[in-house]
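The values are calculated or read from the model by the stated rules, or taken from the named source; none is laboratory data. Quick caveat: nothing in here was measured; it's all calculated off a predicted structure. Virtual Cβ from ideal backbone geometry, glycine too; neighbours counted across all protein chains shown.
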Amino acid sequence: MRNPFDSTRFEKYIAPYIFVLPMLIGLFVFRLGPVVWSLLLSFQRYNPFQGGSWIGLDNYRELWQDKDFHQIFFNTLKFTLAYLPLGVISSLLLAVLVDSRLKGMVLFRAIYFLPVISAVAAVGTIWAWLLNPLYGLVNYLIKVVLGVTGPEWLGSPRTALFSMVLVNVWLTMGYSMVIFLAGLQGVPQEFLDAAWVDGAGKVKRFFRIVLPLLSPTTFFVIIITIIRSFQIFDLVYIMTAPSAGEGGAIGGPANSTNVLVISIFLNAFKYYRMGYGAAEAYILFILVAIITLVQFRFQKRWVHYQ
Amino acid sequence: MISAQKRAKTLLLRALHYLTLVGIATVVLVPFLWMLSTSLKGSGVLQEIPPRLVPEKFFWNNYSEVLFKHHFLRYSVNSVYVALMAGIGQLFTCSLAGFAFARLKFWGRDFFFALLLATMMIPLQVMIIPEFLIMLKLGWVDHPLFLALIVPSWLAGSFGTFLLRQFFMTIPRDLEDAGRIDGCSIFVIYRRIFLPLSMPALATLFIFAVMSSWNDLLRPILYLSSQKMMTLTIGLATFSRQYDVNENLKMAGSLFTLLPLAILYGFAQKYFVQGITLSGLKG
């Protein structure tokens, strides 16, 4: 009789590859292959229906000089810089509020998380209606409460991008809240008790003990918030529907909400300038890679672990 | 006296705490309520000032109009099919690969696993243009079985593989050895020991896969163009883009897009939160 601890040759040499085969196919066909292909595309002028020709670094050179791309880059940066503090502070506030032994916290957490699971296609459509300059609920409330006429929100190039920042805060604060909550619950009670004995009030305890101990979590939330802002797409695509405002092309009005991924999408799939789109995608890739490296590299140094 | 004062202060703080919580909950919920309210209004009262929260007259017809005349029933069926296929398929592929990475020894294991982790950090946009070209070559655009949406999620579920691998690593080796002593093959050990013990992790992955697929917008935009083949997200986006569609119908369409997942969220909230936060935590 064979020893039951001895695997057969099949189990040892063949079976493992049967287990991982689907994932390996996916890894090469849908991940690694496309990453390399994309890089090759970025050195070509490529139209899916006419084929391509090699043009070296011309796409990158064009991006460097293209005024439209400068604006796109600037829009993405503006979005990130506005969204970062609002998103981080609001979700930290939510986490502090629901990190409590009072009754009903489970319900409030569930409510605050609801937008996170909701389809952006629907939520964006709803917010475009709420923000309708003439008949939307938001401007009606502004009129009633503040007595002034509300802004044009998505209708004006001056306010459109910022409107999306606000909606995005509403959409995502529940997500970072959960992460902050986990961090808050990791703060040792003894530290807080000791500070309380020393006479530190609630506010002082928060800023002197909780916040420093929370810094790994805060650092993580900041990183992930930046990466996600660079990749914003769904919300802009939905909220710049023609009915949302004057001249409402995707990324409009007047290119004011044309961010990096919207531009990749338009170039690659609307104008079929796939080489140019791929070059933009690689710029995004490099940005995200730099931030991820910063995360790995500096996590230990900046952050105060207990 | 002092204790009474202190109690009053505690009570006041508690009241303030709740007031803030309720205030924020209102801000979170009002858009959904407003969607519900608008979806039941007649077209004539949409521009009414002041707007009413509860419509004077309920136009239930809006729902049947959106479902039947504007194809949202069809979109829903498509979305359910795609989401279930993505969810079930990922349970298979990710658990198989996760098991191999956690428990089997084979040439290249750590290398492939490292590659899988590395690709999780690459933005989708870097890969989507070649992916589109692949789908075009395969003829999967507007494929009747939605292969362009389903197959990538089956084969490239790196998050699910990672999640299940971590979970499988926590299962005691004694159980595996016991199975081997009984003469079980490796497939039987996977099927009869590891899967039954991993129900919470499998549920988390299933919910996460269903949700990602249900809410996905980019791939449906690229791969679904004929109206009959649309899922809810792209169907709603296309519907809302038409300039002559009234807000009440748009809101009814949004309702049908949100409701199924919201109901699922009511029953399986824990798994939603787990899947979403873990998928973020991996980077």
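Per-structure values
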item: Subset of the range B:6-22 (residues that are within 10 Å of chain A (Cβ to nearest Cβ) and either surrounded by fewer than 17 Cβ atoms within 10 Å (Cβ to Cβ) or in contact with a strand residue (DSSP E or B) (Cβ under 7 Å, 6 or more places away or on another chain) (or both)); result: B:13, B:14, B:17, B:18, B:20, B:22
item: Complete set of residues in the range A:80-118 that are of a type in the set (Gly, Ala, Ser) and not in a loop (DSSP other than H, G, I, E, B); result: A:82, A:87, A:90, A:91, A:95, A:110
item: Residue ranges of helices (runs of 4 or more DSSP H) in the range A:182-294 with at least 1 members surrounded by fewer than 20 Cβ atoms within 10 Å (Cβ to Cβ) and touching a helix residue (DSSP H, G or I) at 6+ places or on another chain (Cβ under 8 Å); result: A:189-197, A:202-205, A:215-230
item: Among residues of the range A:72-100, those that are modelled with pLDDT under 95 and polar (S, T, N, Q), counted; result: 1
item: Residue within the range A:7-20 that is within 21 Å of residue B:125 (Cα to Cα) and either facing chain B (nearest Cβ under 7 Å) or without any contact (Cβ under 8 Å) to a residue 24 or more places away in the chain (or both) present; result: no
item: Tabulated pairs, the range B:178-204, first facing chain A (nearest Cβ under 10 Å) and closer than 24 Å to residue B:275 by Cβ, second assigned to a helix (DSSP H, G or I) and hydrophobic (A, V, I, L, M, F, W, C), C-beta under 6 angstrom, 6+ apart or interchain; result: B:190/B:99
item: Every residue from the range B:38-49 that is within 11 Å of chain A (Cβ to nearest Cβ) and either surrounded by 18 or more Cβ atoms within 10 Å (Cβ to Cβ) or assigned to a loop (DSSP other than H, G, I, E, B) (or both); result: B:38, B:39, B:46, B:47, B:48, B:49
item: Residue B:145 vs. criteria more than 10 Å from every other protein chain (Cβ to nearest Cβ) and surrounded by 24 or more Cβ atoms within 10 Å (Cβ to Cβ); result: no
item: Given (1) at pLDDT below 95; (2) in the same structural domain as residue B:259 (by TED's automatic domain parsing), number of the condition residue B:43 does not satisfy; result: (2)
item: Residue ID - surrounded by the most Cβ atoms within 10 Å (Cβ to Cβ), chosen from residues in the range B:82-138 that are more than 7 Å from chain A (Cβ to nearest Cβ), of a type in the set (Gly, Ala, Ser) and within 25 Å of the chain's Cα centre (by Cα); result: B:98
item: Conditions (1) farther than 30 Å from residue B:152 by Cβ; (2) assigned to a strand (DSSP E or B); number of the one not met by residue A:46; result: (1)
item: From the options B:192, B:241, residue that is of a type in the set (D, E, K, R) and under 22 Å from residue B:102 (Cα atoms); result: B:192
item: Qualifying residue in the range B:232-245 (condition: surrounded by fewer than 22 Cβ atoms within 10 Å (Cβ to Cβ) and of a type in the set (A, V, I, L, M, F, W, C)); result: yes
item: Of the criteria (1) of a type in the set (A, V, I, L, M, F, W, C); (2) facing another protein chain (nearest Cβ under 9 Å); (3) buried (at least 17 other Cβ atoms within 10 Å of the Cβ); (4) more than 22 Å from residue B:275 (Cα to Cα), which one residue A:69 fails; result: (2)
item: Any hit, the range B:240-247, residues being under 21 Å from residue B:39 (Cα atoms), at the interface with chain A (Cβ under 7 Å from one of its Cβ atoms) and modelled with pLDDT of 95 or more; result: no
item: Filter result for residue B:12 (under 30 Å from residue A:144 (Cα atoms), within 36 Å of the chain's Cα centre (by Cα) and in a helix (DSSP H, G or I)); result: no
item: Helices (runs of 4 or more DSSP H) contained entirely in the range B:50-137, each with at least 3 residues that are farther than 30 Å from residue A:283 by Cα; result: B:61-64, B:72-103
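Let's see how each residue does on (1) touching a residue at least 40 places away in the same chain (Cβ under 8 Å); (2) more than 11 Å from chain B (Cβ to nearest Cβ); (3) surrounded by 18 or more Cβ atoms within 10 Å (Cβ to Cβ); (4) under 22 Å from residue B:253 (Cα atoms):
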| site | (1), (2), (3), (4) |
| --- | --- |
| A:84 | yes, yes, no, no |
| A:103 | no, no, no, no |
| A:108 | no, no, yes, no |
| A:119 | no, no, yes, yes |
| A:138 | no, no, yes, yes |
| A:144 | no, no, no, no |
| A:160 | yes, yes, yes, no |
